[in-house]
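Working notes for the structure below.
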Amino acid sequence: MTAPLPGAFPALELLIVLPLAASLLAILLGGRLAPRIVLLLGPAMLVVTAVLAFQIQTQGPVRVEIGGWEAPLGIALIGDGLAGVFLVLTAIVMTAVGVFAQKPFGSEGAETTESYTFWPLYFAMWAALNAVFCGGDLFNLYVALELLTLTAVAMVAYGSTRAALRYLLFALAGSLAYLMGIVLLYSATGTLDIELLARQDTIEATRMVSGALMTAGLLAKTALFPLHGWLPPAHGSAPAPASALLSSLVIKASFVIIVRIWFDVMPDVAGTVFVQLLSILGAGAVLYGSLLALRQTRLKMIIAYSTVAQLGYLFFIFPLAGGAAAETPWAAGAWSGGMFHALAHGLAKAAMFLAAGLVIEALGHDRIDDIKGIARALPLTMFAFGLAAVSLMGLPPSGGFLAKYLMLTAALADGQIGLALVMLAGGLLAAAYLFRPVNRALAGDYVPEVAVVTYWRQLIPLGLALLSVALGIISEPPYDLLQVGRSKVAVEGIDD
Amino acid sequence: MTDAMPILLMLCPLVSAVIIFFLREENERLRTTINIGSSLLKLGLVAWTLEGVGRGVIYEYRLEFVLGLYMLLRIDALALLFIALSSFLWLVTTVYAIAYFRGTANLSRFFGFFNLCVFATTGIALSGSLISFFFFYELLTLSTWPLVVHKGDHESLAAGRTYLGYTMVGSAVLLFAIVWMEGTTGPVEFVAPPELDKLSGTAQGAIFALLVAGLAVKTAIVPVHSWLPKAMAAPAPVTALLHAVAVVKAGAFGIVRIIYDVYGIDRMAEHSLGVPLAMAASVTIIYGSLKALQQTDIKRMLAFSTVSQISYIVLGASLPGPFATIGGLVHLVHQGLMKITLFFAAGVLAERRGVHSVSQMAGIGRRMPLTMLAFSVAALGLIGVPPLAGFVSKWYLGIGGLQAGHPWVILVLAASSLLNAAYFLPLIYRAWFTEGPDSLEQYDGKEGPTALILPAVVTAFATLGVGVLAGFAFSPLGWASLIVQREYIP
């Protein structure tokens, strides 16, 4: 890890400070002007993350000690490839959703409760996400994650307070477990800095127990099967822009912390049983989530259950890391594939929820049975939905395909035929549950009567969907970025 | 120039697809201009490349996905055979489709996906590695589905569902096989044979079986063929494209690539992988012909005829020896020309005269002389009447069968030709030599708009031309022999 050169552009700091400031500003400005902040902050954040990505790619991983205080006293931010790709993803999705939300959460004329309350939450969520992705200290991650959870719960409450409460209960239980884990670790080591922890050799049992506790807590927040019960009602009933953020980014935050724990903090601790358990839960998620998605009658519920299923793949990286190291020209295939999956899913799922949001705006509902012919009224929207679906099914050309290819190669090279079959079955199931709405939308030959949806707003989901496809074609830059500062066990495997 | 050529060939359909998607529905003139313009441009580029590849130039373009994994576009002689066919048939189908759909709705969507479909087919032809091939193979599935369900009625939606169901499962099997192989050998490129010996003999055989099984779905080999007759619910230009160039050919082309560029002739022989495949192809040839004989609906009859004819290509590829290979490769082109003519003509008959079943064909020859002439030429060609295209294919396949030591191939070919004659000849007879129910006086003398009639006539002429001029170097036969000489005979 290198400290940034003196006078270098303080990208990491800005990524947290700017949205926090925007959040405060949104409260001050009130509901009529707050939505407009995005139009300035979005491009600014895109530029800052681009600069950061360039810094990481050219100078290697960046580490910033806030205020110049070194760990364990001070707090560190780390900008490695993993942080970099997720920060860029966050900037893209957040900006797209922010622009999209100008209508549902803006105010034409009078200020509304929604337009006043949404934007502080939205900017705070942005700051929290960034803080999680570049946090270099487990306690700091806890704080950021709590802020993230609270903003997420509040956003769910726009749609259903019942779902929000359920989410809150799961999340709080998760926080408690995570907190117990870090307390245990801190009492044994005296530090929570990720880099220092990696060099500690505390008793393995302590680390194992604290790692397991933290993971259990984070799994509840990531909604891995069987702890997924809160997700579908929450993501299915929140307003579309909020659902997009929740499915695309919020659950990825807790997942990234899990990756940090097992690949960076304690790379040598996890045993075969543990990593296999995670992948079995992942396989359960893929199959169970997909089967339930098949049975949904509302578009947003299909998308929400699809999230449950898609999350499962991410956990295959734990046993598969290191699988194909010897046979393929690339290293860390499964690990990179998992991260690509997270990115592609983030883009595609945001596109899908926004597209569903437009369908709801146009028709006033999202019942699959009654969306017949919507593809002729909203061709761009349904095209975006279709493209996003391609990525979720893991079909080429898309980021989802590249992710699946990398993970499958690792699985077969490693002899994990079971996981390979689950991945293929998951793709077919995804095709089946996403086919229903698309087929229904194309049926008939008349153009249904719908409320007006402007052309440019349809371009937002289309843009996101195209990006998720582009990830599978112009994959070299993000792939190379991801490799910077990659954990060595991502190549060698964490269970051996 | 040499490195840009694959990209230029790919950009023609891609750019027109993107523009057309965003065109307003009313903008018919611009849409037509782009459609025709880009297909002409592409055909020109192909002619240019044809000359270069004839001299031995290799055109190659690489795009790195991740370290060592490339999207590889490479124009070799085999790729060009497929591309030349698809570019030519694309042009005539475009003309036909524009005339066919005149005045109907959702055409920007249709031609957008139509061009995307051509883009995918071009990509399949140019693919120089397994991963690139799979990439475009899947894109083809996805871009043809909206064409199949274009009408949006119950029947075509059901056809679309069946189509996706079959092809998706096929692709999953194919992907599994590709990844199984590449997990051990690393990414496979067609120029450099993979080190398959790292795999056990059983594994090599199993992977081959899975690869072929995956590809067999699109190739419509029995027993995974039944999506094809069902897909007849699609509009006529789509079925024409599906049967002649796009989908079924993609499968057959894939099988050819797997046999020659991944496994290689020696390894095929060593593990005796070819014979079971040749048998499966033979069963399909006979079964398809028998089923075609039972049909009363013209389009369904043609569909089963395709099931049968496509397996000629597979048969040729799976038999060892140069003559069989030439026969299979040349049939890739010949079948395309003949079958597209039949579908064009059948589409015109259905659209202009409401003729759907064999019984309605009575006396149609005098009312639709050009259309029926084209139909008859193509049908005779498929039967294998010299000097038409089908005869050349069957001749080489037959000799190839003898050469490979499988004389039963002759029996299969003879039986199939008899069956072909049994279902085509009565139809031709009825059209030309019987009187229709309505007398000729009611006939208004117009066959249809030129753009609708002409494509079938052009491809019928081509059917005759490639047979008569088979001896020339740039005929399909000449080119297929060049491929065999250059690449398969060491």
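Being part of a loop (DSSP other than H, G, I, E, B), within 14 Å of another protein chain (Cβ to nearest Cβ) and either crowded, with 21+ Cβ neighbours inside 10 Å or not basic (Lys, Arg) (or both) narrows it down to one of A:472, A:485, so name that one. Steps first, please.
Values: A:485 fails: within 14 Å of another protein chain (Cβ to nearest Cβ).
Testing whether each residue is part of a loop (DSSP other than H, G, I, E, B), within 14 Å of another protein chain (Cβ to nearest Cβ) and either crowded, with 21+ Cβ neighbours inside 10 Å or not basic (Lys, Arg) (or both) leaves just A:472.
Residues in the range B:178-191 that are within 9 Å of chain A (Cβ to nearest Cβ) and of a type outside the set (A, V, I, L, M): B:180, B:182, B:183, B:184, B:185, B:186, B:187. Only one of the listed residues (B:423, B:396) is within 30 Å of residue B:101 (Cβ to Cβ), under 24 Å from the mean Cα position of the chain (by Cα), assigned to a helix (DSSP H, G or I) and not hydrophobic (A, V, I, L, M, F, W, C). That residue is B:423.
All of (1) farther than 30 Å from residue B:329 by Cα; (2) at the interface with chain A (Cβ under 10 Å from one of its Cβ atoms); (3) of a type in the set (A, V, I, L, M); (4) part of a helix (DSSP H, G or I) hold for residue B:131 with one exception: (1). Residue B:403 meets all of the listed conditions (1) surrounded by fewer than 22 Cβ atoms within 10 Å (Cβ to Cβ); (2) modelled with pLDDT of 90 or more but one, namely (2).
Conditions tested, residue by residue: (1) touching a residue at least 24 places away in the same chain (Cβ under 8 Å); (2) at positive phi; (3) buried (at least 20 other Cβ atoms within 10 Å of the Cβ); (4) not in a helix (DSSP H, G or I).
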residue	(1), (2), (3), (4)
B:327	yes, no, yes, no
B:342	yes, no, yes, no
B:347	yes, no, yes, no
B:359	yes, no, no, no
B:381	yes, no, yes, no
B:387	yes, no, no, yes
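When the range B:71-96 is limited to residues that are within 14 Å of chain A (Cβ to nearest Cβ) and in contact with a Gly (Cβ under 8 Å, 6 or more places away or on another chain), the one that is nearest to residue B:237 (Cα to Cα) turns out to be B:73.
Checked against the criterion of being out of contact with any Ser or Thr (no Cβ under 8 Å at 6 or more places or on another chain) and within 30 Å of residue A:406 (Cα to Cα), the candidates B:72, B:67, B:81 yield just one match: B:67.
The single condition among (1) farther than 22 Å from residue A:319 by Cβ; (2) facing chain B (nearest Cβ under 9 Å); (3) buried (at least 24 other Cβ atoms within 10 Å of the Cβ) that residue A:439 does not satisfy is (3).
Taking helices (runs of 4 or more DSSP H) that fall entirely within the range A:161-224, which contain at least 1 residues that are aromatic (Phe, Trp, Tyr), modelled with pLDDT of 85 or more and surrounded by fewer than 20 Cβ atoms within 10 Å (Cβ to Cβ)?
A:161-189
When you scan the range A:35-51, do you find a residue that is of a type in the set (Lys, Arg) and touching a helix residue (DSSP H, G or I) at 6+ places or on another chain (Cβ under 8 Å), even just one? Within the range A:35-51 (the criterion being of a type in the set (Lys, Arg) and touching a helix residue (DSSP H, G or I) at 6+ places or on another chain (Cβ under 8 Å)), the answer is no, since none of the residues qualifies.
Being within 10 Å of chain A (Cβ to nearest Cβ) and either surrounded by fewer than 21 Cβ atoms within 10 Å (Cβ to Cβ) or not aliphatic (A, V, I, L, M) (or both) is true for just one of B:199, B:157, B:175, B:142. Which residue is that? Reasoning before the result, please.
Numbers: B:199 fails: within 10 Å of chain A (Cβ to nearest Cβ); B:175 fails: either surrounded by fewer than 21 Cβ atoms within 10 Å (Cβ to Cβ) or not aliphatic (A, V, I, L, M) (or both); B:142 fails: either surrounded by fewer than 21 Cβ atoms within 10 Å (Cβ to Cβ) or not aliphatic (A, V, I, L, M) (or both).
Unique residue meeting the criteria: B:157.
Selection of first residues in the range A:467-496 that are under 16 Å from residue A:256 (Cα atoms) and of second residues that are polar (S, T, N, Q) and outside any helix (DSSP H, G or I), restricted to Cβ pairs under 8 Å at least 6 apart or on distinct chains, gives an empty result. Summed over the range A:336-381, the residues that are more than 21 Å from residue A:241 (Cβ to Cβ), modelled with pLDDT under 90 and crowded, with 22+ Cβ neighbours inside 10 Å give a count of 1.
Considering only residues that are of a type outside the set (A, V, I, L, M, F, W, C) and more than 20 Å from residue B:253 (Cβ to Cβ), which ones fall in the range B:322-352?
Across the range B:322-352, the qualifying residues are B:341, B:347, B:351, B:352.
Residue selection: residue A:432 fails the criterion of being facing chain B (nearest Cβ under 8 Å), surrounded by fewer than 21 Cβ atoms within 10 Å (Cβ to Cβ) and over 19 Å from residue A:282 (Cβ atoms).
Just one of the listed residues (B:162, B:144, B:104) is more than 29 Å from residue B:58 (Cα to Cα), assigned to a loop (DSSP other than H, G, I, E, B) and not hydrophobic (A, V, I, L, M, F, W, C), and it is B:104.
Residues in the range A:385-416 that are of a type in the set (Ser, Thr, Tyr) and within 8 Å of chain B (Cβ to nearest Cβ): A:405, A:409.
Return yes or no: is residue B:167 under 18 Å from the mean Cα position of the chain (by Cα), more than 13 Å from chain A (Cβ to nearest Cβ) and in contact (Cβ under 8 Å) with a residue 12 or more places away in the chain? Even if it seems obvious, please write down each step before you answer.
Numbers: under 18 Å from the mean Cα position of the chain (by Cα): yes; more than 13 Å from chain A (Cβ to nearest Cβ): no; in contact (Cβ under 8 Å) with a residue 12 or more places away in the chain: yes.
For residue B:167, the condition - under 18 Å from the mean Cα position of the chain (by Cα), more than 13 Å from chain A (Cβ to nearest Cβ) and in contact (Cβ under 8 Å) with a residue 12 or more places away in the chain - is not met.
The values are calculated or read from the model by the stated rules, or taken from the named source; none is laboratory data. In this text the structure is predicted, and so the values were computed from the model without any measurement. Every residue, glycine among them, receives a Cβ derived from its backbone with ideal geometry; neighbour counts consider all protein chains shown.
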